[in-house]
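To start, the structure itself, in structure tokens.
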Amino acid sequence: LSQLFRPLDMLGWVYRTIRQGVIDMAAMFDLIDTDTEVRDAPDATDLKVAKGHVRFDNVHFGYDADREILKGIDLDVPAGSTLAVVGPSGAGKSTLARLIFRFYDVTGGRITIDGQDLRDVRQESLRAAIGIVPQDTVLFNDTIGYNIAYGRADASPDEVAAAARGAAIAGFIQSLPQGFDTRVGERGLKLSGGEKQRVAIARTLLKDPPILILDEATSALDSRTEADIQATLEAIERGRTTIVIAHRLSTVVHADRIVVLESGRVVESGTHGELLAAKGVYAEMWNRQAAEREEEDGDDALVTK
Ligand code: ATP
């Protein structure tokens, strides 16, 4: 009888995996209500990532024909380097990330990875090459081990444990009565924002992609958790081409290059030092956020007194 049920189990597993993958991607990119019209070209080939050099050449894009969101973006992200994208709300930062994943096609210009136009490669191979640590990680009603491994169903328990260590969440998991078998999600243990983000980091470590997109959380984590997570993120960025969508400037200081996006255009570009010296938009944003930080620290000091 079990032989009869095994294929059914398998089907169930395939269904769960696909469905959850889709939910996760959709949630990451707020795509629940969006049709993804992008199709593989009939002669599409698999993306071959030699180094992970990402380029935007004069990219134009709009969700609707009558409203252009990206207005001629040029970006060059050399293999293994980190690019941070900053700018006001609505500037088009998340849109850039969605285009790298090819949830939409550009309306002008092109995006390439190691010289291959994203429109010429199979989407599956593209998405296999890119890891995402989203703002808010969706957890499934399953065990924490499953949640870490779900991107790589073939991962061994040792690999899952190593990823958890790399994401600095192993100690927390060990402290749970059922360890990796503890159920999480809506019907299980609730994780904090920082813990969820670590689960996403562990997933990414297991996937080991050459290209990484970090969509930094807008919701504030406490400053100690944020500092811990920042250190973990810097560790996983090493050796990968990384694009950070940043909301807090304090987390982009180490980036090889920072671009400031405003109304769909790159208005400044350089290292943290160069941009401060230029005394432009970035310097102004930095000074404003530094003043806010000081104010918060002042408040903390009052509270602890
Ligand atoms: P934030 O820092 O607030 O996350 P952002 O710089 O990431 O902002 P985007 O999310 O890229 O900005 O949005 C850029 C513009 O595109 C906004 O004006 C937004 O309203 C619009 N937009 C985003 N997603 C869609 C969509 N699915 N359909 C239509 N317009 C959209």
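Derivation of every value follows stated rules applied to the coordinates shown; laboratory data play no part. Here the structure is a predicted model, which means the values were calculated and not measured. Note that each Cβ is placed from the backbone with ideal geometry, even for glycine, and that neighbours are counted across all protein chains shown.
Overall, the stretch 45-173 carries a charge dipole of about 160 debye about its Cα centre when +1 sits on the Cβ of Lys and Arg and -1 on the Cβ of Asp and Glu, all other atoms neutral.
Computed from phi, the 3J(HN,Hα) profile of the stretch 38-43 under the Karplus parametrisation 6.51, -1.76, 1.60 (θ = phi - 60°) reads 5, 10, 5, 5, x, 9 Hz, with x in place of Gly and Pro. Taken about its Cα centre, the stretch 52-112 carries a charge dipole of about 160 debye when Lys and Arg each add +1 at the Cβ and Asp and Glu each add -1 at the Cβ.
Under 1.5 on a/c is rounded, so check that first for the stretch 35-117, then, if it is not, pick prolate when a/b is larger than b/c and oblate when it is not; a ≥ b ≥ c are the square roots of the alpha carbon gyration tensor eigenvalues. Oblate, since a/c reaches 1.5 and b/c is not below a/b.
What does the charge dipole of the stretch 168-232 about its Cα centre add up to, to the nearest 20 debye, if the Cβ of each Lys and Arg holds +1 and the Cβ of each Asp and Glu holds -1? It works out to roughly 260 debye.
Three semi-axes describe the equivalent ellipsoid of the stretch 170-300; taken as square roots of 5 times the Cα gyration tensor eigenvalues and ordered largest first, they are 32, 19, 12 Å.
This ranking places Glu296, Glu159 by how few other beta-carbon atoms lie within 10 Å of each, fewest first, which gives Glu296, Glu159.
For the stretch 145-189 and the stretch 55-110, compute the distance between their C-alpha centroids and round to whole Å. Result: 34 Å between the Cα centres.
A Förster radius of 45 Å, combined with the Cβ-Cβ distance separating Glu262 from Asp181, puts the computed FRET efficiency at roughly 0.40. Taking a straight line from the alpha carbon of Lys196, these aspartates and glutamates sit under 15 Å away, with near neighbours fewer than eight places off in the same chain left out: Asp24, Asp136, Asp142, Glu186, Asp215, Glu216, Asp222, Glu226, Asp228. Each peptide in 245-256, 94-105, 201-212 was scored by the mean count of other Cβ atoms within 10 Å over its residues; highest first, the order is 201-212, 94-105, 245-256.
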